[in-house]
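Input: a single structure, listed below in structure tokens.
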Amino acid sequence: MRKGICVAGNMIVDTTYPVAGWPNQGELVHIKDGITQSTGGAVCNVAVDLAKLDPALPVQALGRIGTDAEGDLILKTFGEHPNIDTANVLREGMTAFTHVMADVHNKQRTFFTYLGASARFTEADICWDSVRADIFHIGYILLLDALDQPDEEYGTKMARLLHAAQAHGLRTSIDVVSEAGDRFKRIVTPALKYTDYCVINEYEAEQTTGIPLRDADGGLIRENLPGALKAMKALGVSRWAVIHAPEGGFGMDETGAYIQRGSLILPKDHIVGSVGAGDAFCAGVLLGAERGWSIEQAIDLGIAAAASSLSDASATAGVCSAEEAMGFYKKYDRR
């Protein structure tokens, strides 16, 4: 019997620099004290979040890291959680890394990424017989160069991989990176045909479906959310299409029912950083799916997991157990 969640894709080391504002090109800005280094990317974040939300859940990590200190850091971080299986993590070359410029004034983050070993991760790196999980989650589309390549039969190599995962009895899940550019429809859309769960933010959903989800003032266009979710389902998402935003979580299940759940109103001193909050939300939703919960319950766990993540500047350190996270609903009101 299959049990647990396999997380595949990007494994990255993030170095975060607190900066005193954002300069114009060619100008200088000061880096403040408080530089930190931590693991990041879809695999590191979601796998660790899952391991912390449910220490009894079997979690498998799949991907490529380098034979360098950054790769050592990733394995050390995974090793702090006995329920994470790293037997299928491959090592070669340099580990992917991101330099995160975190504006101390407006809390906005800007990312400079080197794809490294993760860019060469392909289906050939996966032994499907060794994947014992129930759910196969992969991210981020648009940041996995080899899998973002075209495929004559399936559209992209990622779509081919997801089809293979389903053929091996796995429920599939995807996440996307918030990239600027016009690649969404060309690269993300083919993957949706072989996706059971799609958990992305409002920007990524807008880019994928073409349906506006933010107005000129930055406000969430709530009346467009059901249409965007319906479009994601029409593109192939078979079970849950889910959109997360600071305002809450929004989803559509197998029956086409629309769910909206407001986020938690957190005190200002609770919010230390937002790096990894989207991955924490995703981990909560996936854990709910693995446990057989309703989409409404799963989104609530996603919101709670994201709220716990916000309590620390790194991507995963703030995440607590699912039971502790759900306790936030007794402390804080919803939007």
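Sort out which residues of region 95-152 are charged (D, E, K, R), assigned to a loop (DSSP other than H, G, I, E, B) and without any contact (Cβ under 8 Å) to a residue 40 or more places away in the chain, and write them in order of number.
ASP145, ASP148, GLU152
Starting from region 77-92, keep only residues that are touching a residue at least 24 places away in the same chain (Cβ under 8 Å), then list their pairs with residues that are basic (Lys, Arg) whose Cβ atoms are within a distance under 7 Å, requiring at least 6 positions of separation or different chains.
LEU90/ARG64; GLU92/ARG64
Return the residues of region 186-202 that are closer than 11 Å to LEU142 by Cα and either of a type in the set (Lys, Arg) or under 10 Å from the mean Cα position of the chain (by Cα) (or both); say none if nothing qualifies.
ARG186
Quick check on my filter: what residues within region 295-319 are assigned to a loop (DSSP other than H, G, I, E, B), touching a helix residue (DSSP H, G or I) at 6+ places or on another chain (Cβ under 8 Å) and either at pLDDT 95 or above or of a type in the set (A, V, I, L, M) (or both)?
LEU310, ALA315, VAL319
Restricting to region 159-200, name every residue that is crowded, with 22+ Cβ neighbours inside 10 Å, of a type in the set (S, T, N, Q) and not in a loop (DSSP other than H, G, I, E, B).
THR172, SER173 - these are the residues of region 159-200 that are crowded, with 22+ Cβ neighbours inside 10 Å, of a type in the set (S, T, N, Q) and not in a loop (DSSP other than H, G, I, E, B).
Suppose we filter region 8-54 for residues that are under 17 Å from PHE112 (Cβ atoms), among the charged types (D, E, K, R) and either in a strand (DSSP E or B) or in contact with a helix residue (DSSP H, G or I) (Cβ under 8 Å, 6 or more places away or on another chain) (or both); how many remain?
Qualifying residue count, region 8-54: 1.
Please go through (1) outside any loop (DSSP other than H, G, I, E, B); (2) surrounded by fewer than 23 Cβ atoms within 10 Å (Cβ to Cβ); (3) touching a residue at least 40 places away in the same chain (Cβ under 8 Å) for LEU57 and return the number of the only condition it doesn't satisfy.
Result: LEU57 fails condition (1) only.
The values are calculated or read from the model by the stated rules, or taken from the named source; none is laboratory data. Quick caveat: nothing in here was measured; it's all calculated off a predicted structure. Neighbour counts run over all protein chains shown; Cβ positions are idealised from the backbone, glycine included.
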